[in-house]
Amino acid sequence: MSQSRYTTDLTDAQWKLLAPLVEAEHVPERWNRTHSLREILNALFYKLRTGCQWRNLPRDLPPYSTVSDYFHRWRKNGLLDRLHAALREQVRVQEGREPQPSAGSLDSQSVKSTEKGGASARLGTMEASA
């Protein structure tokens, strides 16, 4: 692919990283593919970036029903999670970090703010202080 149509289109280098993972999931005798997997991903990235409805995907991308079908299959079989994990690991390694994070953090304030019941609880405290 020499020139991308949209800013969300995969570059050749990006496709080189994703192709083995995506193509390993494709079973030719089960899926009669008429559109390239790269084009399916380009359409998914376009939808993700623009927030458009499935039916409003540009006409030069594969049909929305095809893209939607792949999206739902890949979400159900875990391919999207595996793609995300593989890319996250590659980014971490490129930054000189371990592939897997060694720690995590939780914000205790977000938990505390929801324990009291939201707006009604805040109104009660406002009335009491008045």
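Structure values in brief
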{"item": "Förster-model FRET efficiency, 22 Å R0, Thr50 and Gln100, C-beta, rounded to 0.05", "result": "0.10"}
{"item": "Gyration tensor verdict on the stretch 11-62 (Cα atoms; rounded if a/c is under 1.5, prolate if a/b is larger than b/c, oblate otherwise)", "result": "oblate"}
{"item": "The stretch 1-85: GluC sites (Glu not before Pro) in DSSP loop, at most 10 other beta carbons within 10 Å", "result": "Glu29"}
{"item": "Dipole of the stretch 1-97, positive direction: furthest Cα of Leu41, Tyr64, Val91, with charges on the beta-carbon", "result": "Tyr64"}
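Throughout, read-outs are computed from the coordinates displayed, never taken from laboratory work. No experiment lies behind these values; they were computed from the predicted model shown. Please note: Cβ atoms are built from the backbone with ideal geometry, for glycine as well, and neighbour counts cover all protein chains shown.
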